[in-house]
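> Take this structure first; my questions come after.
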Amino acid sequence: MEDEALLKKFQEKIDSGIKIEPKDWMPEAYRKQLIRMISQHAHSEIVGMLPEGNWVTRAPSLKRKAVLLAKIQDEAGHGLYLYSAAETLGIDRTEMLQQLLSGKAKYSSIFNYPSLTWADMGAIGWLVDGAAIMNQTMLAKGSYGPYSRAMVRICKEESFHNRQGYEIMHTLANGTPEQRAMAQDALNRWWWSAIMMLGPSDSQSPNSEQLMKWKIKLESNDQIRQRFIDRTVPQAEFLGLQIPDKDLKFNEKTGHYEHGEINWKEFFDVIAGNGPCNKKRMIDRINADKNGAWVRAAANAYAAKKAMATA
Ligand code: BYC
């Protein structure tokens with residue numbers, strides 16, 4: 001009975017828009033769902049550094065290189081905010097990282113695709129960060145205080161990432177025929193994976209209903225996907241590039257774009273570990289963890305020595 005009363009009070013709090021804070025009572029399932037989502041999100045930021053890291057040494061100018069480096073560093077920062085937000089729920093960062101490195105934890109499907117040309121840096125900023133912002137501005141209004149506040153800051157930075165990506169695409173789309181073709185090719189390769197990264201369709205999304213009841217998510221995967229498509233298609237038209245979807249059409253009555261069939265088999269294959277780069281991403285993260293071990297040991301030793309000196 002006590003639990004039922006607590007649950008009722010908890011739901012009332014959520015329904016009236018009061019944020020849940022770390023020390024507040026919360027159902028175990030709410031805590032678990034948040035840990036799952038926030039840790040997956042943190043891992044996505046960290047693994048997401050890899051496809052862009054691939055182009056740092058080959059950026060076409062010093063200015064482009066500085067911008068790309070700043071973006072990649074921001075992603076590391078996002079990972080830090082998110083691991084910290086997850087830690088407020090009682091899980092340790094080391095445990096989350098172990099789950100990533102052992103292959104137990106998921107990270108976003110999108111980062112299992114290769115970045116083959118410089119235009120991919122444009123497409124990632126424009127489409128991947130663009131889709132992420134659509135989702136994250138919604139998550140910023142979510143019910144768990146630390147996660148929603150982390151989202152506010154992350155969205156501000158993502159907005160810069162999105163603009164720099166679109167600006168790269170704009171430059172290429174208005175460049176030589178070869179540059180234009182490169183921009184189109186990047187759009188062709190990233191479009192479908194970007195709309196898939198917003199999660200499976202609502203009929204295949206087991207977590208959405210509960211997450212929406214708890215206002216962790218305020219909208220479903222398909223709703224966000226629709227908003228992303230409606231916003232992005234006119235941007236592609238402005239660039240003079242073709243969205244690679246022959247069934248895409250604007251519905252005057254609904255005011256929305258209708259899209260062709262999404263290849264959900266590909267999506268589920270990728271999240272099961274069989275995408276083009278899943279193995280490489282894991283090897284790179286495991287090596288980064290090994291190579292960074294001495295830095296963590298030195299930092300811990302320094303902190304311990306300082307603590308002893310001030311004790
Ligand atoms: N990839 O019930 P569903 C960035 C899984 S990084 C892999 O709909 P939910 C950036 C899902 O986990 C931004 N797995 O789940 C960084 C679930 O499996 P489990 C990344 C996915 O939670 C660097 C199952 O499928 N953003 O911006 O209701 C450079 C069923 O799905 C994916 C976030 O992480 C996926 N795409 O909704 C550039 C945002 N989608 O866990 C850019 C936070 C679904 O039950 N996360 N799955 O085994 C979310 O908003 C939600 O978790 C999702 C999925 C919309 C992703």
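> Given the residues Glu252, Glu258, which is the only one that is modelled with pLDDT of 95 or more and surrounded by fewer than 13 Cβ atoms within 10 Å (Cβ to Cβ)?
Working: Glu258 fails: surrounded by fewer than 13 Cβ atoms within 10 Å (Cβ to Cβ).
The match here is Glu252.
> Another one. Being buried (at least 21 other Cβ atoms within 10 Å of the Cβ) and either of a type in the set (Gly, Ala, Ser) or without any contact (Cβ under 8 Å) to a residue 12 or more places away in the chain (or both) narrows it down to one of Ser115, Ser148, so name that one. Walk me through how you get there before you give the answer.
Numbers: Ser148 fails: buried (at least 21 other Cβ atoms within 10 Å of the Cβ).
It is Ser115.
> Also, quick follow-up: Against the condition in a loop (DSSP other than H, G, I, E, B), in contact with a Phe, Trp or Tyr (Cβ under 8 Å, 6 or more places away or on another chain) and touching a residue at least 40 places away in the same chain (Cβ under 8 Å), how does Pro22 come out, does it pass? Break it down into steps so the answer makes sense when it comes.
On the way: in a loop (DSSP other than H, G, I, E, B): yes; in contact with a Phe, Trp or Tyr (Cβ under 8 Å, 6 or more places away or on another chain): no; touching a residue at least 40 places away in the same chain (Cβ under 8 Å): yes.
Against the criterion (in a loop (DSSP other than H, G, I, E, B), in contact with a Phe, Trp or Tyr (Cβ under 8 Å, 6 or more places away or on another chain) and touching a residue at least 40 places away in the same chain (Cβ under 8 Å)), Pro22 does not qualify.
> Criterion first (near the ligand (Cβ under 8 Å from one of its atoms) and either in a helix (DSSP H, G or I) or in contact (Cβ under 8 Å) with a residue 60 or more places away in the chain (or both)) does Ile124 satisfy it? First the steps, then the outcome.
Details: near the ligand (Cβ under 8 Å from one of its atoms): yes; either in a helix (DSSP H, G or I) or in contact (Cβ under 8 Å) with a residue 60 or more places away in the chain (or both): yes.
Judged against the criteria, Ile124 is a match.
> Report yes if Leu139 is surrounded by fewer than 23 Cβ atoms within 10 Å (Cβ to Cβ) and either under 30 Å from Met26 (Cβ atoms) or more than 13 Å from the ligand (Cβ to nearest atom) (or both), otherwise no. Steps first, please.
On the way: surrounded by fewer than 23 Cβ atoms within 10 Å (Cβ to Cβ): no; either under 30 Å from Met26 (Cβ atoms) or more than 13 Å from the ligand (Cβ to nearest atom) (or both): yes.
In short, no.
> Which one of these does Ala131 not meet: (1) among the hydrophobic types (A, V, I, L, M, F, W, C); (2) within 11 Å of the ligand (Cβ to nearest atom); (3) farther than 24 Å from Gly273 by Cβ?
(3)
> Being within 11 Å of the ligand (Cβ to nearest atom), modelled with pLDDT of 95 or more and of a type outside the set (Asp, Glu), is that true of even one residue in region 169-184?
no
> Any residue in region 195-208 that's closer than 21 Å to Ala123 by Cα: show its pairings with residues that are more than 6 Å from the ligand (Cβ to nearest atom) and in a helix (DSSP H, G or I) at Cβ separation under 6 Å, as long as the two are six or more apart or on different chains.
Going by the 6 Å Cβ cut-off, the qualifying pairs are Ile195/Arg225; Met196/Phe267; Met197/Ile110; Met197/Ala131; Leu198/Ala131; Leu198/Ile224; Leu198/Arg225.
> Against the definition (among the β-branched types (Val, Ile, Thr) and in contact (Cβ under 8 Å) with a residue 60 or more places away in the chain), how does Ile262 come out, yes or no?
Numbers: among the β-branched types (Val, Ile, Thr): yes; in contact (Cβ under 8 Å) with a residue 60 or more places away in the chain: yes.
The answer is yes for Ile262.
> Please go through region 25-56 and pick out each residue that is out of contact with any helix residue (DSSP H, G or I) (no Cβ under 8 Å at 6 or more places or on another chain), over 30 Å from Ile124 (Cβ atoms) and surrounded by 12 or more Cβ atoms within 10 Å (Cβ to Cβ).
If we filter region 25-56 for residues that are out of contact with any helix residue (DSSP H, G or I) (no Cβ under 8 Å at 6 or more places or on another chain), which is where we start, we get 28, 31-32, 36, 40, 54.
Adding the requirement that they be over 30 Å from Ile124 (Cβ atoms) leaves 28, 31-32.
Once the filter is applied, which keeps residues that are out of contact with any helix residue (DSSP H, G or I) (no Cβ under 8 Å at 6 or more places or on another chain), over 30 Å from Ile124 (Cβ atoms) and surrounded by 12 or more Cβ atoms within 10 Å (Cβ to Cβ), region 25-56 yields Arg31, Lys32.
> In region 131-149, is there at least one residue being touching a His at 6+ places or on another chain (Cβ under 8 Å), small (Gly, Ala, Ser), over 16 Å from Ile195 (Cα atoms) and not in a helix (DSSP H, G or I)? I'd like the intermediate steps shown before the answer.
First, pick out the residues of region 131-149 that are touching a His at 6+ places or on another chain (Cβ under 8 Å): none.
No.
> May I pose another question? Looking at this structure, is Ile243 under 28 Å from Tyr144 (Cα atoms) and of a type in the set (A, V, I, L, M, F, W, C)? Give the derivation first.
On the way: under 28 Å from Tyr144 (Cα atoms): no; of a type in the set (A, V, I, L, M, F, W, C): yes.
No, not satisfied.
> Of Arg189, Arg180, which residue is over 16 Å from the mean Cα position of the chain (by Cα), more than 30 Å from Ser39 (Cβ to Cβ) and in a helix (DSSP H, G or I)?
Details: Arg189 fails: more than 30 Å from Ser39 (Cβ to Cβ).
Step by step, each of Arg189, Arg180 is checked, and only Arg180 is over 16 Å from the mean Cα position of the chain (by Cα), more than 30 Å from Ser39 (Cβ to Cβ) and in a helix (DSSP H, G or I).
> Say whether the condition of being in a helix (DSSP H, G or I), among the aliphatic types (A, V, I, L, M) and within 16 Å of the ligand (Cβ to nearest atom) is met by at least one residue in region 291-301.
Within region 291-301, the first condition is being in a helix (DSSP H, G or I), and the residues that meet it are 291, 293-301.
Narrowing the set further to residues that are among the aliphatic types (A, V, I, L, M) leaves 293, 295, 297-299, 301.
Retained after the next criterion (residues that are within 16 Å of the ligand (Cβ to nearest atom)): none.
No, because not a single residue in region 291-301 is in a helix (DSSP H, G or I), among the aliphatic types (A, V, I, L, M) and within 16 Å of the ligand (Cβ to nearest atom).
The values are calculated or read from the model by the stated rules, or taken from the named source; none is laboratory data. Because the structure is a prediction, the values reported are computed rather than measured. Reconstructed Cβ throughout: ideal geometry from the backbone, glycine too, with neighbour counts over all protein chains shown.
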